[in-house]
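I have placed the structure first, in the form of structure tokens, so that the comments after it can refer back to it.
The values are calculated or read from the model by the stated rules, or taken from the named source; none is laboratory data. As the structure is a computational prediction, the values presented were derived from the model and not from experiment. Every residue, glycine among them, receives a Cβ derived from its backbone with ideal geometry; neighbour counts consider all protein chains shown. The area values use the complete protein model at the heavy-atom level, side chains included, leaving out ligands, DNA and RNA. Shrake-Rupley method; radii C 1.70, N 1.55, O 1.52, S 1.80 Å.
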Amino acid sequence: MGINVSRNADLASNEWLQRFVGRQHIAHDDEAFWNGLLNYNIVMPENSQDQLSLDSRLETLCQSFIGNNLKTGNFGSLITVFLEKTSELLSLSDQESNMHVWQTFNALFIIRTLIKYINETGSEFQLLQHFEAMPSAELLKAAEQQQQQEAAASIAIEATEQAPLAALIVDGAKFETFIDALVNLIVVIPVKEFTYHLHLESVNTLITLLAVHLFAQQQQQPTDKSIVFRTIYKCQHANVLMSALLHFVARMVEVPHTMFGSSSAGSFVFGIAESLLSIFTFRKQQDVLKTSNATGEELSQQFRTHYPLANQSLLLILILTNHCTAQDNAYRTSLFGCADSKDSPKQGSGAVSFQIDFSAVYETLCRIVTIDQATLLLYLLLHRNERFYRFVMQQQDLEQLVIPILQTLYNAPDSNSHHIYMSLIVLLILSEDEGFNKNVHTILLKNISWYTERTISEISLGGILILIVIRTIQYNMLKMRDKYLHTNCLAALANMSGHFRALHPYVAQRLVSLFETLARKHTRLDAQLKEPADSVVFVNVATTPEDMMQDLSVLEEVLRMVLEILNSCLTNQLVYCPNLVYTLLYKRSVFEGFRSHHAFQDVIQNIDMVVGFFSSRLQRVQEQRGELGVNEVLEVISKGASQWSSDRLRKFPDLKFKYVEEDAPEEFFIPYVWTLVCKYGCVHFSSESIKSVTTDIAC
């Protein structure tokens, strides 16, 4: 590398790197060597192919490092150099720190590269061995003979006496100090153009360390036994670290076009960084994330490309909060206990872990919520942070958050099942609030271009929400057949049903058509089961009578819930939903086969009573005026609704469903989070090593 600025192709033959991984001990105070090693620029890998190329060029050097470092202790020397530079950075001014930032980043990049290699090829214990390894007595003796000064010789002799014991014991002391330094870099140094990549590398290093969870030899070891996890989860800095990471996400600072901006001091270092090599040559767009037409996949790529610090910080938040949930996880407690910086710390219940501008968090999540990891963060905040939930419920522009979630569901075939599931759970959690259920019907939307099922010039947010959830139920019944997914869909509709208002004619049609479609399927399945066993030909060998009985049972649960949703609307909002009454009158025949069915007859009695009341009124008017047009029918319904009393209907309990997280949620969330890290993160791990961890999640 050196001052001439090395390129990737030169790495294998670089003399400084060869000395570092060689058999000679290099003391941490050998300034000439460290200045030579750390004065370099490198094009960072932006994708898995870049990483593979870099890994292949570094393979020989990394193998030499593994073979020699436990004797030379050079990794420990590099760690010490990094710690010294980090400590100095905290006391330097901007102009003084330019060179320090550059070299600190370079040291950290080498450290992270070696950690990644050890993780992928070795074990956690070997990683800690390399952190704590001291030079052997023979190497120190050779170094001593080369020294000319007595003081240097005495330091070497003192280290020699300690070496045999230190080489055998891995106590994690240096590793713990290293973690503290990373946290200090993240939380103390302000994010500026020339410090951006140092923050990014610090976050990436923490992710790489926590990735010990991913690799084969770690699969049988629970994280509470891992020294890496235990050290990071000691949590003295949990509040300030979580605060910094969430701030990085909320601010969404765009990556500088060069690694170290030349505006700060015009120093020699910045001259070469700017002129000889374009570091982090990200695409040229001066971007605002293009959410209107971008798919979730495209938006994920834009987010990673233009806002890597926000992207990586978001992934690190998810890792920290979803591991170690059975124990006291201070990071999790911190995220769930944060409050709005505009509120008094005494507002709300419970202790406040840190304060942050909720408006900035909300606006950022609205922009990126179609990305898996953003949906997951939104879920955690809504489900676990009562203050944030109340804040969201008070927003006047809820469509900015809800519409992107609906787009994710609308594009279900392009999304993974976990993302669909989490998006639905978010809608279910939102629907638990009565204010939300009322407000969505007051927000009018015009010309929703992405909804292509039918051209609708104007519809309420509540109306499009109902349409998308119904579509998701039908997609699930046909394609995914996931009982929990359609249960969550129906629960969200049920929570909203008592507040349905001014339903668009098409929405009313789709609600009744949902019942009609499922009723046909129920009739067919029921008929098949009643046929003699020897006359039934099963299309799919796996479809046994037992499977069909189970499908029939699920169908009956869904049909019952749809009827209860219709009944809830008629009981509470009939006067405000003439289009639904019109559709029920038009489609009254779809309920005929279920009036005598024990599972449905009590609810259908209510629907029949409503249909009978309005049917008789229409008949009287028709006898007077003759055939009525659509508008005239709606006029009759509206007048009749003003005279209708819901007291005539049989009372049912209000439909109120609340999302409850299942037992052992880590079994779902931990593999999901690491899949997102591997797919959307800036750190690319060896896919062969982690295959066993992520195969259960389709991306």
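Would you kindly derive the ³J(HN,Hα) couplings of the range 566-576 from the backbone phi angles with the Karplus curve 6.51 cos²θ - 1.76 cosθ + 1.60 (θ = phi - 60°), listing them in order in whole Hz, with x for Gly and Pro?
Using θ = phi - 60°, the values come out as 4, 5, 4, 5, 5, 5, 9, 9, 3, 5, 9 Hz.
Per the 1.4 Å probe, what fraction of the accessible area of the range 547-651, in percent, lies on carbon and sulfur atoms? Walk me through the intermediate numbers first.
Details: 2410 of 5240 Å².
Roughly 46 percent of what the probe reaches on the range 547-651 is carbon or sulfur.
Per-residue counts of other Cβ atoms within 10 Å, averaged by peptide: what ranking do you get for 195-208, 398-411, highest first?
Working: 195-208: 23.8, 398-411: 21.1.
Peptide ranking by packing, descending: 195-208, 398-411.
Which pairs break 31 Å Cα to Cα here: 192/234; 192/446; 342/658; 521/639; 530/587?
Numbers: 192/234 29 Å; 192/446 41 Å; 342/658 29 Å; 521/639 36 Å; 530/587 27 Å.
Violating the 31 Å Cα-Cα cut-off are 192/446; 521/639.
Just read off the accessible area of residue 506 with the full protein assembly in place, 1.4 Å probe, to the nearest 10 Å².
30
Would you mind counting up the charge near residue 360? Only other residues with Cβ under 12 Å from its Cβ, with Lys and Arg at +1 and Asp and Glu at -1.
Values: positive: 251, 342, 367; negative: 340, 357, 363.
Its environment carries a net charge of 0.
In whole Å, how far is the Cα centre of the range 31-69 from that of the range 507-532?
If you average the Cα positions of each part, the centres end up 63 Å apart.
Applying a 10 Å radius around every beta-carbon, put 665-678, 483-496, 304-317 in order of their mean neighbour count, most first. Show your work: numbers first, answer last.
On the way: 665-678: 19.4, 483-496: 22.1, 304-317: 24.8.
Per-residue Cβ counts within 10 Å, averaged per peptide and sorted highest first, yield 304-317, 483-496, 665-678.
First select every other residue whose beta carbon is under 12 angstrom from the beta carbon of residue 448; then total the charges, Lys and Arg +1, Asp and Glu -1.
Working: positive: 446, 454; negative: 399, 453, 458.
Overall, the nearby charge balance is -1.
Give the cross-link partners of residue 71 among the aspartates and glutamates, using a straight C-alpha distance below 16 Å as the criterion and excluding same-chain residues fewer than 8 apart.
132, 138, 144, 161
Hey, which aspartates and glutamates would be in cross-link range of residue 651, C-alpha to C-alpha under 19 Å, not counting anything within fewer than 8 residues on its own chain?
Correct list for residue 651: 564, 602, 608.
May I ask for the net charge around residue 471, where only other residues with Cβ less than 9 Å from the Cβ of residue 471 are counted and Lys, Arg are +1 while Asp, Glu are -1?
Values: positive: 510; negative: 453.
Around residue 471, the charge tally is 0.
Compute the distance from the alpha-carbon center of the range 371-421 to that of the range 174-249, in whole Å.
26
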